[in-house]
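S.K.: Take a look at this one; I'll ask things after.
Any read-out appearing in this document is the output of simple, stated calculations on the displayed coordinates, not a laboratory observation. Since this is a predicted model, take the numbers as computed values, not measurements. All Cβ positions, even for glycine, are placed from backbone atoms using ideal geometry, and neighbour counts span all protein chains on display.
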Ligand code: PMP
């Protein structure tokens, strides 16, 4: 495996490990499942990162989703700079919160959103939405799907995807909590079903539907690698509403990415609540949850479900989110361009793997894509179990071969990559050339 020397990054990582657990502030960043050491990033512009050693990397992570316009986009940069002139935090309402909430409602009204509450991360968004669902329904249990990830709130670290598929915390292997520190009693309130298995969900709901406050799901999964929902599964999800259970779409990854109206708009999903993160903050820490007025009015101070935040609605963060969503709205052709790029990338990767005799199965939708290192037809991986069959060692070797050529792919088999508006023809050709080389080295 070729792991390149980056002495400054290595030194920073050594220092970080002294003062921070594992040297990172979020587990997958540590490169634990692919080997080598993380690159410390000094700067980001357009489709490129520059690491602390001065090496330029073509970025397919985009901060794990937010940077859909590319890094340091002029409109977002300017909006933050303007907001900065007025101070960084008020702990009181400001106009930008109203403007961003109006924008989010405008863009997602077709999915039933009338009111939205801002928080500071995707984790807070899902945690708060589920408290709301429990408060609204008066029920205790929630349902999630194996391999879906909804942030790190206690009750959601059960059979979770993302970093939990590859890190020590995820190796506990039991059906109960997928992290130490989550009491079994909390985990017992989370029932787990299989993604893309409508019969399993129907059976669970027939038995216990009256006890279930919410079914939370990723409308397109990114956190087990990309998994696309079947029409039958989407129909089963909608049926849970017949029992008074709230359907909660976790669009933290897919919101404003798979279309301007998110995955729900693209796939015709009508949830009761939607959670957002990532793009909604344009690269600053923002999450949100929203839904119809009747449900959202249960949130304090309108209603009895408490939820608060010292920095919620922060003016810099609101400015970045507003500039990002406005730019996406002003460039209606952008989503088509992202899709064209990512489809060409998928096709090129399939050809390159085949030419080298490496079995892979590529899943792609919009600007999200995963190359599963396993022998299955393209697009046929639709469940967590199928995804988990992948050869993570082959992936790690391919990842390192790509990185050695300056391509910064997601450092885990079980993640999506994200294409941005700053990725153009030159980037596509560079990537495919590197991929041909990387596959040939396996
Ligand atoms: N839900 C989904 C679908 C996610 O992908 C993520 C993060 N990758 C989260 C929730 C948690 O968001 P955050 O990391 O901002 O807390």
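S.K.: For segment 312-386, state what percent of all Cα-Cα pairs lands in each successive 5 Å bin, counting from 0 Å until the bin that includes the largest distance.
M.R.: P(r) for segment 312-386, in whole percents per bin: 3, 14, 18, 14, 12, 10, 10, 10, 6, 2, 0.
S.K.: Using the alpha-carbon centroid of each, what span in Å lies between segment 363-426 and segment 72-119?
M.R.: Segment 363-426 and segment 72-119 have Cα centres spaced 32 Å from each other.
S.K.: Going by average Cβ density within 10 Å per residue, which order do the peptides 123-130, 22-29, 419-426, 92-99 take, highest to lowest?
M.R.: Output ranking for 123-130, 22-29, 419-426, 92-99: 123-130, 419-426, 22-29, 92-99.
S.K.: Quick check on segment 188-309: of the DSSP beta bridges with both residues there, what percent are antiparallel, nearest 5%? All intermediate terms of the calculation are to be shown ahead of the outcome.
M.R.: Details: 5 of 14 bridges.
Around 35 percent of the beta bridges assigned by DSSP in segment 188-309 are antiparallel ones.
S.K.: For the chain, treating each Cα as an identical point scatterer without solvent, what Debye log10 I(q)/I(0) comes out at q = 0.11, 0.13 1/Å?
M.R.: Each listed q corresponds, in turn, to -0.85, -1.21.
S.K.: So the label point goes 7 Å from the Cα of residue 203 along Cα→C-beta, right? Which residues of segment 210-241 then have their backbone N under 17 Å from it?
M.R.: Under cut-off, by backbone N: 233, 236-237.
S.K.: Right, next: Give me the one-decimal nm value for the distance between modelled label points at residue 330 and residue 241, 7 Å along each residue's Cα-to-Cβ direction.
M.R.: Placing both labels 7 Å beyond Cα along the Cβ direction yields 3.4 nm.
S.K.: Okay, next question. Starting from the alpha-carbon convex hull of segment 333-442, give the projected area averaged over all orientations, in nm².
M.R.: 6.2
S.K.: What FRET efficiency, computed as 1/(1 + (r/R0)^6) with R0 = 35 Å and r the Cβ-Cβ distance, is obtained for residue 308 and residue 385, rounded to the nearest 0.05?
M.R.: The pair residue 308/residue 385 has a calculated efficiency of 0.30.
S.K.: Where q = 0.18 Å⁻¹, what log10 of I(q)/I(0) comes from the Debye formula for segment 70-219, counting one point per Cα?
M.R.: -1.12
S.K.: For the chain, what is the mean residue ellipticity at 222 nm derived from helices alone (per DSSP H run of n ≥ 4: -39500 (n - 2.57); sum divided by total residues; nearest 500 deg cm²/dmol)?
M.R.: Working: 14 runs with 163 residues, N = 442.
So the calculated ellipticity at 222 nm is -11500 deg cm²/dmol.
S.K.: If you don't mind, another one. Going highest first, how would you order 259-265, 276-282 by mean Cβ packing within 10 Å?
M.R.: So the order, starting with the most tightly packed, is 276-282, 259-265.
S.K.: Okay, moving on. Please compute, for the alpha-carbon atoms of segment 82-135, the extent along each of the three principal axes and give them in descending order in Å.
M.R.: The Cα atoms of segment 82-135 stretch 39, 24, 17 Å along the principal axes, largest first.
S.K.: May I pose another question? Say R0 is 22 Å: what FRET efficiency, to the nearest 0.05, do residue 72 and residue 340 get from their beta-carbon distance? Display every interim value, and only then the final one.
M.R.: Values: r = 24 Å, r/R0 = 1.08.
My answer for the efficiency is 0.40.
S.K.: Also, quick follow-up: When each pair of different Cα atoms in segment 27-135 is counted once in the 1/r mean, what is the Kirkwood radius in angstroms, to one decimal?
M.R.: Mean inverse Cα-Cα distance, inverted, gives 17.4 Å.
S.K.: While we're looking at this one, here's another question. Can you give the direction-averaged projected area of the convex hull of the alpha-carbon atoms in segment 1-89, in nm²?
M.R.: The directionally averaged projection comes out at 7.5 nm².
S.K.: Residue 375 to residue 109: extension gain in nm, 0.36 nm per residue of separation minus the Cα-Cα distance?
M.R.: Fully extending the segment from residue 375 to residue 109 adds 91.6 nm.
S.K.: Fully extended, how many nm does the chain gain between residue 351 and residue 393 (0.36 nm per residue separation, minus their Cα-Cα distance)?
M.R.: Length gained between residue 351 and residue 393: 13.0 nm.
S.K.: Percent antiparallel among DSSP beta bridges with both residues in segment 74-330, to the nearest 5?
M.R.: Taking every DSSP beta bridge with both residues in segment 74-330, the antiparallel ones total about 40 percent.
S.K.: Then there's this: In the chain, what % of DSSP beta bridges are antiparallel (nearest 5)?
M.R.: Details: 26 of 44 bridges.
Of all bridge pairs located within the chain, approximately 60 percent are antiparallel.
S.K.: How high is the FRET efficiency between residue 185 and residue 440 when r is their beta carbon distance and R₀ equals 51 Å, given to the nearest 0.05?
M.R.: 0.45
S.K.: Sorted from fewest to most neighbouring beta carbons within 10 Å, what does the list 389, 378 look like?
M.R.: Working: 389 14, 378 17.
So the residues, fewest neighbours to most, are 389, 378.
S.K.: If N is the number of residues in segment 74-330, what value comes out of its Cα radius of gyration divided by 2.2 N^0.38 Å?
M.R.: Numbers: Rg = 17.8 Å, N = 257, 2.2 N^0.38 = 18.1 Å.
Rg over 2.2 N^0.38 Å, computed on Cα atoms: 0.98.
S.K.: Can you tell me the length gained on complete extension of the stretch residue 11 to residue 102, counting 0.36 nm per residue apart and subtracting the Cα distance?
M.R.: Details: separation 91, 0.36 × 91 = 32.76 nm, distance 4.59 nm.
So the extension gain works out to 28.2 nm.
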